[in-house]
């Protein structure tokens, strides 16, 4: 079932699968399918192939810690197993459990975050986050009357998917170009964004352009909320590891021959928003301050994961 892993990695790398939560669930599901269909019954070859499958998935999106946590959660028991059956069954069980918990987390975030939206509010969102959109759709489902501004989110324009999804749900939504954020922010009450990674000190790594929303919200005194499942918290940052900001191909920004060959193009996928610009992080365990991220990680993962 190596093809399943390779296909999933390709779909993540080419952004056919997008959004940190969806990426994480896709990775876990690929590992579950890999283990289910594995043909040999030898433990060592299975573990070797499982390691390779994990590395293939992780290389497809190095910035999203959600994928790292999904792979880790799905495979950690297997590498301590004493038999093939034990190892295979643990991957199937743990990967399935991760996907189910991930879906439930999004629902919990929606219920908690929707409480921050009131009748008459103006909301802004960026990119295409299932967690952030869950909050907005839940508030609408509850009958609240509010408006949404969604950015186009270049260069991949994930905002197009966002406005389609919100419009189909009946939400009053307006698409704006990315450079109109500061102009519109004066009318905005709350900003809801997703997360690719949250560091141990509460900084947010998310779709490029997120930091400008945070700065504009800070200036306009609009509340800035991050909607993040706790498996997007990065334990590696406790040990001083830097979050890799992925840079993608020039062709996503300009077509061949559109500009002179001498012109360089910088195409980062993500940027970093300091914790001081974040009012709260909405998680499946409740609303927390950025300063509480480390405590949540210790509570859920145990302090042993932070030891080299």
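The mean sequence distance of close C-alpha pairs (under 8 Å, at least 6 residues apart), as a share of the length of the chain, puts its relative contact order at 17 percent. With each label modelled as a point 7 angstrom along the Cα→C-beta vector, the residue 89-residue 144 pair spans 4.6 nm.
Normalised by residue count, segment 43-165 yields a Cα convex hull volume of 116 Å³ per residue.
Using 1/(1 + (r/R0)^6) with R0 = 30 angstrom and r between the beta carbons of residue 295 and residue 42, what's the FRET efficiency to the nearest 0.05?
Computed FRET efficiency for residue 295 and residue 42 comes out at 0.10.
Of 265, 106, the sequence from fewest to most neighbouring Cβ atoms within 10 angstrom is 265, 106.
Over the chain, dividing the summed -39,500 (n - 2.57) contributions of all DSSP H runs of at least 4 residues by the number of residues returns a 222 nm mean residue ellipticity of -14500 deg cm²/dmol. Taking the chain as a Gaussian network, Cα atoms linked when under 10 Å apart, which of 289, 74, 83 shows the biggest mean-square fluctuation? Taking springs between Cα atoms under 10 Å, the residue moving most is 83. Model label points for residue 51 and residue 107, set 7 angstrom from Cα along the Cα-to-Cβ axis, are 3.8 nm apart. You can think of it this way: the chain between residue 221 and residue 187 has 11.2 nm of extra reach, that is 0.36 nm per residue less the Cα-Cα gap. Counting beta carbons within 10 Å around each of 287, 297 and listing the fewest first gives the order 287, 297.
Largest GNM mean-square fluctuation across 53, 77, 24, computed for the chain with C-alpha springs under 10 Å, falls on 77.
For segment 1-44, the residues whose amide N sits under 14 Å from a probe point set 7 Å from the Cα of residue 251 along the beta carbon direction are 14-15. Report the FRET efficiency, 1/(1 + (r/R0)^6), for residue 239 and residue 13, where r is their Cβ-Cβ distance and R0 is 30 Å, rounded to 0.05. Using R0 = 30 Å, I get an efficiency of 0.65. Which log10 I(q)/I(0) values, to two decimals, does the chain give at q = 0.13 Å⁻¹ under the Debye formula with one point per Cα? Once normalised to I(0) and log-transformed, intensities are -0.93.
Which of rounded, prolate, oblate describes segment 199-308, given a ≥ b ≥ c as roots of the alpha-carbon gyration tensor eigenvalues and a/c under 1.5 marking rounded, otherwise prolate only if a/b is larger than b/c? Verdict is oblate for segment 199-308.
If packing is taken as the average number of other Cβ atoms within 10 Å across a peptide's residues, how do 120-130, 134-144 rank, most packed first?
Ranked by mean Cβ neighbours within 10 Å, highest first: 120-130, 134-144.
Here the label points at residue 6 and residue 79, each 7 Å from Cα along the C-beta direction, are separated by 2.4 nm in the simple model.
Taking the average, over residues, of other Cβ atoms within 10 Å as the packing measure, peptides 233-239, 256-262 rank 233-239, 256-262 from highest down.
Any read-out appearing in this document is the output of simple, stated calculations on the displayed coordinates, not a laboratory observation. Just so we're clear, the structure is a prediction, and the values are computed from it rather than from any experiment. In this analysis, Cβ positions are derived from the backbone assuming ideal geometry, glycine residues included, and neighbour counts consider all displayed protein chains.
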